[in-house]
1. Would you mind calculating the gained length between residue 244 and residue 52 on full extension (0.36 nm times residue separation, minus the Cα-Cα distance), in nm to one decimal?
2. Mind telling me which of 291, 121, 327 comes out most flexible in a GNM of the chain, alpha-carbon contacts under 10 Å?
3. Angle, helix 5-21 long axis vs. longest principal axis of the chain, Cα atoms, 0 to 90°, nearest 10?
4. How large is the convex hull of the Cα atoms of the chain per residue, expressed in Å³ as a whole number?
5. Using a Gaussian network model on the chain with a 10 Å cutoff between Cα atoms, which of 244, 65, 278 fluctuates the most?
6. Using a basic spin-label model with each label point 7 Å from the Cα along Cα→Cβ, how many nm lie between residue 87 and residue 213?
7. List residues of the range 115-142, by number, whose backbone nitrogen lies under 20 Å from a label position 7 Å along Cα→C-beta of residue 192.
8. So what are the three principal axis dimensions of the range 1-43 from its Cα atoms, in whole Å, longest to shortest?
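Each reported figure results from applying straightforward, stated rules to the coordinates on display, with no laboratory input. Keep in mind that this is a model prediction, so the values were computed, not measured. Don't worry about glycine lacking a Cβ; one is built from the backbone with ideal geometry, like all the others, and counts go over all protein chains shown.
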Ligand SMILES: C[S@@+](CC[C@H](N)C(=O)[O-])C[C@H]1O[C@@H](n2cnc3c(N)ncnc32)[C@H](O)[C@@H]1O
């Protein structure tokens, strides 16, 4: 049964607060205007109402924002460009709102089709949250890493070792990387550790190819339009990925791990990892994933929501917390101390 108007308004409201809290006043304000429009039965409700299979976890609000952003990036709604910072606009949400609403009417067929697409992000900042976990495994195992990512999207966090990280405890990674992760750490993990990635592979039920124009556009459209630092990290990571392609199989996570994990690989430390992925997986698949990991006895690193923060866990251990996009990493453990 389709969600009620009040339910959809609640999802938009949750996302509006999230965007505002995570440094996107432009999307926070546009979504607040969208809620009022929806409750009045305006074009927002025409687009979002009556959809089967939606839930609080299906990211409907972000899918709406990504649909319009995609048209802005394609210059298909030129009236919005002067206000969208991602194309040089001023970020004035009050001025943008009536034009946004008009676009929902004028481009309703296109937007309706685009809103059907899943929320397909690949958040490069999450590499900063995962970095300390990979370094911790390398430190404990003293072996090269074999990293397997489930829900990898375009695989941009599978090449975390090609990026540069700066923190108050020093830096890590490639000095001249086009991806410079600075100001990500409130309490950084130990940085004075070496790690070598011997093998990397991922899976996703809907993998994106960073070398394809269409897929890169999908990723760019899903970035909040006033967050230029995230866009610049994404563009840098796409550049790295194009020089260093990584295999992302179109495969369900449980099937992937049931195939990859049973054969022992004592010469490497195998790390299964994921970020902002579990909410899309049903209970049966969750059990299969956990069973495959437990049976193989491999390292299991993940960054997942525990609202209002996100937790970074290695096996059963809480390593630290961060915000949704990998910022404000606050490390809890320090195995360098006696
Ligand atoms: C919110 S995105 C996060 C992508 C990436 N991990 C990141 O942090 O940027 C969730 C991803 O999980 C993928 N996904 C959802 N269910 C899946 C499943 N059962 N097996 C593999 N991938 C799945 C989606 O296609 C999507 O790319």
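1. Full extension of this stretch gives 65.2 nm more.
2. Looking only at 291, 121, 327, the biggest GNM fluctuation is shown by 291.
3. The angle comes out at about 60 degrees.
4. About 130 Å³ per residue, rounded to a whole number.
5. In this elastic network of the chain, the residue with the biggest mean-square fluctuation among 244, 65, 278 is 244.
6. 1.6 nm
7. Residues 131-142 qualify, since their backbone N sits under 20 Å from the label point.
8. 33, 19, 10
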